[in-house]
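**Student:** This is the structure I have questions about; it appears just below.
The values are calculated or read from the model by the stated rules, or taken from the named source; none is laboratory data. Given the structure is predicted, the values throughout are model-derived calculations rather than measurements. Every residue, glycine among them, receives a Cβ derived from its backbone with ideal geometry; neighbour counts consider all protein chains shown. Heavy atoms of the whole protein, side chains included, go into the accessibility calculation; ligands, DNA and RNA do not. Shrake-Rupley method; radii C 1.70, N 1.55, O 1.52, S 1.80 Å.
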Amino acid sequence: MRRGYVSRLGPAAALLAGASLITACASTTESNIGRTATEQLLIARAADKAVEGLSLPLPTGAVVFVDETYFQNDNSRYAISAIRAALSDAGYRLTRNKEEADAVFEVRAGALALEQMRRVFGIPEMRVPINESLNVVSLPELSVYSNRDRAGVAEFSGFLYEAKTGAPLGAVLPMIGQYRIRSHKLFMIVTWGQQQAQPGQRNPGSSWTEF
């Protein structure tokens, strides 16, 4: 009687055990992109800072065509938009048609990327070769204190010429912007400081501002 009861529970127990194993093995797949959100925000904030106060040797209301032909970078679309927004904020009118412009502003990017630096008080992480076949073993960091700087760096410049004649009107000196965050770690466990870049601020209840 007892043996029969146990035998009847056997398949059910095995089924439950199998189901628990299947559940434990389940995982979620996420897409992997080239840069993290924090890295993207660092570069975007640097671009915003670079164009602060941008002005051209033109009267207010002049029509400007932004020539982005030579502005080549992985993050160029955001940077170009930031430049156009800065020109609008300065009182210039923008056009998509070069023939309608009073002047052409040809822009170029000197830098639009991420810069990182890490300082370690102790033994940094190392890769040590273990044989002649160049196989290596990774040794973990053993530090009392370390910090990490991550900075988005943006540098733009350009020149201005008359749309109809091509006559030079002036040059825009390099506009440089940086947005930096720093994090600290003590005994490889305790962390503090800014861990991630923050999105742009917005007034509560309002998503727009007048130029």
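**Student:** Which whole-Hz ³J(HN,Hα) couplings does region 167-184 yield from phi under the Karplus relation 6.51 cos²θ - 1.76 cosθ + 1.60, θ = phi - 60°, glycine and proline marked x?
**Tutor:** These are the phi-based 3J(HN,Hα) values: 5, x, 10, x, 10, 9, 5, x, 9, 10, x, 9, 9, 10, 10, 9, 10, 10 Hz.
**Student:** Shifting gears a bit: With an 8 Å Cα cut-off and a minimum separation of 6 or more residues, compute the relative contact order for region 48-98 in percent. Mind dumping the intermediate values first?
**Tutor:** Numbers: 43 pairs, mean separation 28.4, N = 51.
Across region 48-98, relative contact order equals 56 percent.
**Student:** Across the Cα atoms of region 111-186, what radius of gyration and what greatest pairwise Cα-Cα distance (Dmax) are found, in Å?
**Tutor:** Using the Cα atoms of region 111-186, the pair Rg, Dmax is 22.8, 68 Å.
**Student:** Same structure, new question: How would region 47-100 be classified by its alpha-carbon gyration tensor: rounded, prolate or oblate, with rounded meaning a/c under 1.5 and the a/b versus b/c comparison settling the rest?
**Tutor:** On the way: a/c = 2.42, a/b = 1.26, b/c = 1.91.
It is oblate, given that a/c is not under 1.5 and a/b is not larger than b/c.
**Student:** Give the accessible surface of region 30-165 per residue, rounded to a whole number of Å², with probe radius 1.4 Å and ligands, DNA and RNA excluded.
**Tutor:** Working: 7890 Å² over 136 residues.
Value for region 30-165: 58 Å² per residue.
**Student:** At a probe size of 1.4 Å, how large is the accessible area of I176, to the nearest 10 Å²?
**Tutor:** 110
**Student:** Return an integer: the convex hull volume of the alpha-carbon atoms of region 58-211, in Å³ per residue. Before the final figure, lay out the partial values.
**Tutor:** Working: hull volume 28.9 nm³, N = 154.
About 187 Å³ per residue, rounded to a whole number.
**Student:** Could you please state how large a percent of the accessible area of region 68-152 is carbon and sulfur, counting protein chains only and using a 1.4 Å probe?
**Tutor:** On the way: 2690 of 5370 Å².
Ligands and nucleic acids excluded, carbon and sulfur give 50 percent.
**Student:** Now a separate question. With a sphere of radius 9 Å drawn around the Cβ of Y145, what net charge do the other residues whose Cβ falls strictly inside it have (Lys, Arg +1; Asp, Glu -1)? Before the final figure, lay out each step's value.
**Tutor:** Details: positive: R119, K185; negative: none.
Here the count lands on +2.
**Student:** Here's something else I'd like to know. Could you estimate the translational diffusion coefficient of region 143-186 from the Stokes-Einstein equation, with Rh from the Kirkwood formula over C-alpha pairs, at 20 °C and 1.002 mPa s, in whole µm²/s? Before the final figure, lay out the partial values.
**Tutor:** On the way: Rh = 13.9 Å.
It comes out at roughly 154 µm²/s.
**Student:** Using all C-alpha to C-alpha distances in region 37-134, build P(r) with 10 Å bins and read off the rounded percent in each one.
**Tutor:** Over region 37-134, the share of Cα pairs per 10 Å bin runs 13, 35, 21, 12, 9, 7, 3 percent.
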